[in-house]
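**Student:** Dumping the structure here so I can ask a few things about it.
The values are calculated or read from the model by the stated rules, or taken from the named source; none is laboratory data. In this text, all values refer to a predicted model and were calculated from it rather than measured experimentally. Cβ placement follows ideal geometry from the backbone for every residue including glycine, while neighbour counts extend to all protein chains displayed. The protein model used for the area step is the full one, side chains on, heavy atoms only, and it has no ligands, DNA or RNA in it. Shrake-Rupley method; radii C 1.70, N 1.55, O 1.52, S 1.80 Å.
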Amino acid sequence: MKVLDFPLIKITIAFIFGVIASYYLHFSLLPTAYFLAISFALFCGGYFWSRKNSKKHFLFGLSVYFLSFVLGIFTLLSHTENLQKDNYTHCETAFDKPQSIVLLLREKLKSNDYSDRYFAYIKSISDQNYSGKIIVNIQKDSSVNNLIIGNRIKIQTTLQRNKSNKNPNQFDYSSYLANKQIFAQIYCQKKEILISPIIEKDIWYYCARLHSRINSNLEKSNFSKSEMNVALALILGQQQEISQDIIQDYQYSGATHILSVSGLHVGFIMLFITFILKPIPNTQKGSFIKLISILLSLAGFAIISGLSPSVLRSVVMFSFLAIGNHLRRNGNIYHTLLVSILLILLFEPYFLFDAGFQLSYLALFFILWLQPIFKNIYKPKNRLIIYIWEALTVSFAAQIGTLPLCLYYFHQFPGLFFVTNIIILPVLSFIMIAGIIVMIIAIFTHPPLFVIMIFEKSIYLLNYMIHAVASIESFVIRDISFNSYYLCSFYLLIISSIIWLKKPSYTKMVFALSTIILVQLSFILTKIQRESDQELIVYNEKKNTLVSERNGSNIVLYTPNPVFEKKSKNRNVNSYLVGNSIKLTKIREIKNLLYFKKEKILIIDSTGICPANVNPDILILTQTPKINLDRLLQNHRPKLIIADGSNSNSIQKLWKNSCTKKNIPFHSTIEKGYYKL
């Protein structure tokens, strides 16, 4: 049976296209509601007409897909919280001056060097009811942090909108938060917070209390702090306290996925529960008992792990697989996967744009689709070789399926990923089973010392193996340029090649070879764009000035200290180079005068020297020069003033006021990010 012959698959695909169209085309809610009513009327009409005319089923099918498409648009819009009237983004005064804001703490996030961070819900602003998700940053100090999940707190403060990336081709944190419906943050000190004595005891509160109890009991058992943090990440998905060095080792070894509780971990739990329930006979009653036990176990794990989005989607996915297995529908596992996608996106459509969601489903889909082909290439008889071969084929199938997307998002490739997966799977299997047992014991009491010692040593061994692989840095390929053209063409090549390998035919071979031409065209198109682009960029660098001039694939970097920039690899410039598939040609000492596209650009640094009779089109101020900007603007009248990140904040406010009086645009890279001409 072909996958696309299943009607719900086409409905899911139409729904996904609707979500994507809504995300990028920004439809309005009211017209979409009208379209939804019209599409539903067409659906009803198509249904009754198809019943009377048996040959007209295709019209009913079209009405179903159109309804699904419009429903996808409407679902995303209805889950876009800043379109709701009571969302805090519509309270403009909260962004202009301090307001009394009441918040409900929902989740503890990973702290940084300066602040404890929480995910919270706004309840009211200046006694007016508002709603919406927000991040609260509380400055660290010597006092004890008494906040717990479920606290209602009151703060007199100003909301800060999320700031976009400050330099080109960097990770857009503002967009990332917007996809999670978080549009602002709060920055405050502990002394500014009033804590309500009433605690809201919902499921999030009890999850947090459960985590706190587990942590406390593990600490009483003298669990090593570094190993305990890894254990909490592996079993419960709690990465708040894990060190950056350990995270980097897992990234370089290609094992980052095991630190985020996802399909791998939930799959382990499902296999473990299935193994325990093996003595129960596969009768109708026995199968039902197994199904209920698996579903309850997965739901319990989701609660213990804190109901994080990655865990929830994995639990939903494997719950559908368990239901499909109970209904004896193993042959339609692809249908089960797509139905789980539809259910998840109906409740959380923004998950579609989450990298974790995309990678989880792609990895599982390619393991199911591609791994059998690899497995049939070689059929060993020795058990050890069978284990190694299956681990290799699963690893390669998942890596091939996720490789283009990983290169697109992360621009690096761990060359020893297959080695990592072979050596860690036995240890990880033991850690997952032992970890679940330890965590269950820790819910009630502190685990026995010998159990903790065994568990701790196994995690130490895992970290040691990961570090050994990650330390071979020559196998970690970094700074790989990979744009959307490459992403689409490479996936077409991979998919067409697998289709051809599964059931070879002349037509499929021609299609697979045609996708190779598409890959070549993507390289040609990228090169044409690269050679035709011309731009000058003023970067946002703290205590430094960087200006790059690009003509095609040649880029010249201007900086006050070119010798230092040659020795050190600047992260901001490197992101720009990788994102645009170009290489740095020259590094030169910055000049006072630059010309670009007939624009005369004057740069004034800390010396404050301003040549007479220059009359620049653009004036760049760097290193906080001591100048009288009002007089300078009167004499030169530039079209635009740019102040980079090397200037002090206080002087930039004065410059901005001067420019406003003269009606001259002022661009601060600290406030608005890099400037591109």
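**Student:** Whenever you get a sec, compute what percent of the accessible area on region 334-493 sits on carbon and sulfur atoms (1.4 Å probe).
**Tutor:** In region 334-493, the share of accessible area belonging to carbon and sulfur is 74 percent.
**Student:** Compare K10, K85, K527 by solvent-accessible area with a 1.4 Å probe and give them largest first, with all protein chains kept in place. Don't skip to the end; give the middle numbers.
**Tutor:** Numbers: K10 85, K85 190, K527 110 Å².
Descending order: K85, K527, K10.
**Student:** At most 16 other Cβ atoms within 10 Å plus a DSSP loop assignment makes a site exposed; report the longest stretch of the chain without any exposed GluC sites (Glu not before Pro). Present the calculation step by step, with values, prior to reporting the outcome.
**Tutor:** Details: sites that count: E92, E200, E241.
That would be 242-677.
**Student:** With θ set to phi - 60°, apply the Karplus curve 6.51 cos²θ - 1.76 cosθ + 1.60 along region 275-281 and write out the HN-Hα couplings as whole Hz, x wherever there is a Gly or Pro.
**Tutor:** Karplus-based 3J(HN,Hα) across region 275-281 equals 5, 5, 8, 4, x, 5, x Hz.
**Student:** To continue, here is another question. Can you send over the solvent-accessible area of L312, 1.4 Å probe, protein chains only, in Å² to the nearest 10?
**Tutor:** Counting only protein heavy atoms, the figure is 70 Å².
**Student:** Can you give me the C-alpha center-to-center distance between region 172-251 and region 426-487, rounded to a whole angstrom?
**Tutor:** The two parts, judged by their Cα centres, are 18 Å apart.
**Student:** Work through the residues other than S648 whose Cβ is under 15 Å from its Cβ and net out their charges, Lys, Arg +1 and Asp, Glu -1.
**Tutor:** Numbers: positive: K542, K543, K626, K653, K656; negative: E541, D605, D644, E671.
Overall, the nearby charge balance is +1.
**Student:** Tilt of helix 7-25 relative to the longest C-alpha principal axis of the chain, in degrees (0 to 90, nearest 10)?
**Tutor:** Taking the Cα atoms of the chain, the angle to 7-25 is about 10 degrees.
**Student:** Ok, one more. As a test, work out the antiparallel percent of DSSP beta bridges whose residues both lie in the chain, rounded to the nearest 5.
**Tutor:** Numbers: 46 of 69 bridges.
In the chain, DSSP labels about 65 percent of beta bridges as antiparallel.
**Student:** Sort region 132-250 into rounded, prolate or oblate with this rule: let a ≥ b ≥ c be the square roots of the eigenvalues of the Cα gyration tensor; rounded if a/c is under 1.5, and if a/c is not under 1.5, prolate when a/b is larger than b/c, oblate otherwise. Don't skip to the answer; put the middle values down first.
**Tutor:** Details: a/c = 1.87, a/b = 1.15, b/c = 1.63.
Judged from the Cα gyration tensor, region 132-250 comes out oblate (a/c at least 1.5, b/c at or above a/b).
**Student:** Heavy atoms of the protein only, probe of 1.4 Å, neighbouring chains included. What is the accessible area of Y187 in Å², nearest 10?
**Tutor:** Accessible surface of Y187 is approximately 120 Å².
**Student:** Quick one: pull the percent of accessible area on region 500-587 belonging to carbon and sulfur, 1.4 Å probe, ligands and nucleic acids left out. Spell out each step's value before the answer.
**Tutor:** Details: 3080 of 5180 Å².
Ligands and nucleic acids excluded, carbon and sulfur give 60 percent.
**Student:** Which whole-angstrom value gives the distance between the alpha carbon centres of region 610-659 and region 346-413?
**Tutor:** Taking the Cα centre of each part, region 610-659 and region 346-413 sit 54 Å apart.
**Student:** On to the next question. Quick one: how many Å² of D113 are accessible to a 1.4 Å probe, rounded to 10?
**Tutor:** 130 Å²
**Student:** While we're looking at this one, here's another question. Just to confirm, what accessible area per residue do you get for the chain at 1.4 Å probe, in whole Å²? All intermediate terms of the calculation are to be shown ahead of the outcome.
**Tutor:** Values: 35750 Å² over 677 residues.
Result: 53 Å² per residue.
**Student:** What order do W655, W369, W389, W49 take when sorted by accessible area (1.4 Å probe), most exposed first? The partial results should precede the final answer.
**Tutor:** On the way: W655 10, W369 35, W389 60, W49 115 Å².
Order by accessible area, largest first: W49, W389, W369, W655.
**Student:** Ok, one more. Give the carbon-plus-sulfur fraction of the accessible surface of region 191-247 in %, rounded to a whole number; probe 1.4 Å, heavy atoms of protein chains only. Write out the running numbers ahead of the final one.
**Tutor:** On the way: 1580 of 3100 Å².
Here it works out to 51 percent.
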